[in-house]
Amino acid sequence: MRIEDEIQQKDFKDDHRRMVVNLLFTNNWLNQQFIPFFKQFGLTLQQHNVLSIVRGQQPKPVCFGEVQERMVDRNSNVTRLVDKLIEKGYVTRDICQANRRMIELRLTSKGTDLMNQIDEQMPAFFQRFHNLTQDEAVLVSKLLDKLRG
């Protein structure tokens, strides 16, 4: 559906404004798709992002600051997210022995099991985005990369 129809706006002052509104609207739409998917696992999108970053470093720990730098939503409160994940038993937090000012995070076996469950359901979830061809998906990604400079 066209963005004009979605937000019931007749037209835009120019194509660049239309694009920005469309990106903002689509970002919100995507978030609304992901929220219920991760909710079934007792997670938020941001918590899953932290778990993915930590898992990506296995078997090595990942430093707290690196998680913050690599987050998709960089406005997330990483301390609060990590605290929730520790409370749920999905990650551990330890002081780095080499540099006591650094905090290291590791995925627990419970966290690994959860991520494996999510991985099993991801392909079916992502099917809803296959209304674009592979070439179109590549083009959209390239255009978004170009937009960010």
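I need the Kirkwood Rh of the range 1-49: take the reciprocal of the average 1/r across all distinct C-alpha pairs and report it in angstrom.
Taking the inverse mean of 1/r over all distinct Cα pairs, the range 1-49 comes out at 12.4 Å.
Measure up LYS39/LYS88; LYS84/LYS110; LYS60/LYS110; LYS60/LYS88 against 19 Å on the Cα-Cα distance and list the ones that go over.
Details: LYS39/LYS88 14 Å; LYS84/LYS110 14 Å; LYS60/LYS110 17 Å; LYS60/LYS88 21 Å.
Listed pairs above 19 Å: LYS60/LYS88.
Please work out the FRET efficiency for the pair LYS110 and LYS142, using the Cβ-Cβ distance as r and a Förster radius of 35 Å; give the result to the nearest 0.05. Write down the numbers at each step before the final one.
Working: r = 38 Å, r/R0 = 1.09.
For R0 = 35 Å, the calculated efficiency reads 0.35.
Measure nothing fancy, just the Cα-based angle from helix 134-147's long axis to the longest principal axis of the chain, in degrees from 0 to 90, nearest 10.
Tilt of helix 134-147: around 80 degrees.
When ranked by the protection proxy of mean other Cβ atoms within 10 Å per residue, highest first, what sequence do the peptides 31-39, 105-113 form?
Highest to lowest by the protection proxy: 105-113, 31-39.
Expressed as an acute angle from 0 to 90° and rounded to the nearest 10, what is the orientation of the C-alpha long axis of helix 109-126 relative to the principal long axis of the chain?
The answer is roughly 10 degrees.
Report the full-extension gain for the segment PHE41 to CYS96: residue separation times 0.36 nm, less the Cα-Cα distance, to one decimal in nm.
Taking PHE41 through CYS96 to full extension adds about 16.8 nm, to one decimal.
What's the carbon and sulfur percent of the range 1-111's accessible surface, probe 1.4 angstrom, rounded to a whole number?
Working: 3710 of 7490 Å².
C and S fraction of accessible area: 50 percent.
Can you tell me the relative contact order of the range 1-137? Whole percent, Cα pairs under 8 Å, sequence separation 6 or more.
19
Give me the one-decimal Kirkwood hydrodynamic radius in Å for the range 56-126, with the sum taken over alpha-carbon pairs.
One over the average 1/r among Cα pairs gives 13.2 Å for the range 56-126.
Of the listed values [x] 2, 9, 20, 21, 18, 14, 10, 6, 1, 0; [y] 2, 8, 14, 17, 17, 14, 11, 9, 5, 3, 1, 0, 0; [z] 2, 9, 18, 23, 22, 15, 8, 3, 1, 0, identify the label whose number matches P(r) over Cα pairs in 5 Å bins from 0, in percent calculated from this model.
Entry [y].
How far, in degrees from 0 to 90, does helix 15-39 lean away from the longest principal axis of the Cα atoms of the chain, to the nearest 10?
Approximately 40 degrees, to the nearest 10.
The values are calculated or read from the model by the stated rules, or taken from the named source; none is laboratory data. The structure displayed is predicted, hence computed values, not measured ones. So basically every Cβ, Gly included, is an ideal-geometry build from the backbone, and we count neighbours across all protein chains shown. Surface areas here come from the heavy atoms of the whole protein model, side chains and all, with no ligands, DNA or RNA. Shrake-Rupley method; radii C 1.70, N 1.55, O 1.52, S 1.80 Å.
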